[in-house]
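Comments concern the structure below.
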Amino acid sequence: MVPADIHDFFLASSGVAGALIGLLFVAISVSATRLATAEVSGQLHRIRANAALTSFINALTVSLFALVPGEKIALAATIVGVLGLLFVLASLLSLIRVRHMRWPMARDAAFLAGLGVTFVLQLMSGIDVQHHPGDLGTVNSLAILVIVCFFIGIARAWELIGGPNIGFRHEVVALVRQGEPASEGARGASAGAEGAPGAEDLSGQEQAPDEPSG
């Protein structure tokens, strides 16, 4: 049984999930060319699109069934939790099949692992609510997992449309790489000046004493 004080939360989250799914469809239509490519990047975009859609559908399903009278949220959370875990396993197998591990793919694998942990916790919470319908703390845990699904889905959708990614690690690496050519160029310029023709003659002329005038 969903407590009355959290009923409004599921009502609002169902509306948010529906709106985000609609915006995701727009993002997918805009990125249709990137999703259709047969390259490794295309497979990564397809995984991101499916991950965002799975996260939003999970949040929508749990929220809608929480609004249905009776103890429906437990069964809904359990079923979509299992389906979500199957999607995560399929996506990880897809990354292994590509066999082209780089930093973006490792980041996608980390997101999938986080989504998998979310579905495992949701599955455990759904089973607990089925056996203990009066446990209001577990229902609150399901509400928190719905929020986590929103965050994961939004992050996946942002990368799907190619949104800018400004992170601490990325900026530090870019700053270091930007400083390397400048320092190397300065050292090369000084070395070229020292080895330039006539440099020794000029220095010798500066050090030679003035000849007496006749």
Test: residue 76 is crowded, with 17+ Cβ neighbours inside 10 Å and within 20 Å of residue 135 (Cα to Cα): yes
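Yes/no per residue for (1) surrounded by 14 or more Cβ atoms within 10 Å (Cβ to Cβ); (2) part of a helix (DSSP H, G or I); (3) not acidic (Asp, Glu):
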| site | (1), (2), (3) |
| --- | --- |
| 5 | no, yes, no |
| 13 | yes, yes, yes |
| 16 | yes, yes, yes |
| 26 | no, yes, yes |
| 29 | no, yes, yes |
| 44 | yes, yes, yes |
| 55 | yes, yes, yes |
| 65 | yes, yes, yes |
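Does residue 25 satisfy being under 21 Å from residue 156 (Cα atoms), among the aromatic types (Phe, Trp, Tyr) and in contact with a Ser or Thr (Cβ under 7 Å, 6 or more places away or on another chain)?
no
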Test: residue in segment 79-102 that is under 26 Å from residue 23 (Cα atoms) and either touching a Lys or Arg at 6+ places or on another chain (Cβ under 7 Å) or in contact (Cβ under 8 Å) with a residue 60 or more places away in the chain (or both): no
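None of the figures in this text is laboratory data; all of them are computed from the coordinates on show. Everything quoted here is computed from the prediction, not taken from an experiment. Neighbour counts run over all protein chains shown; Cβ positions are idealised from the backbone, glycine included.
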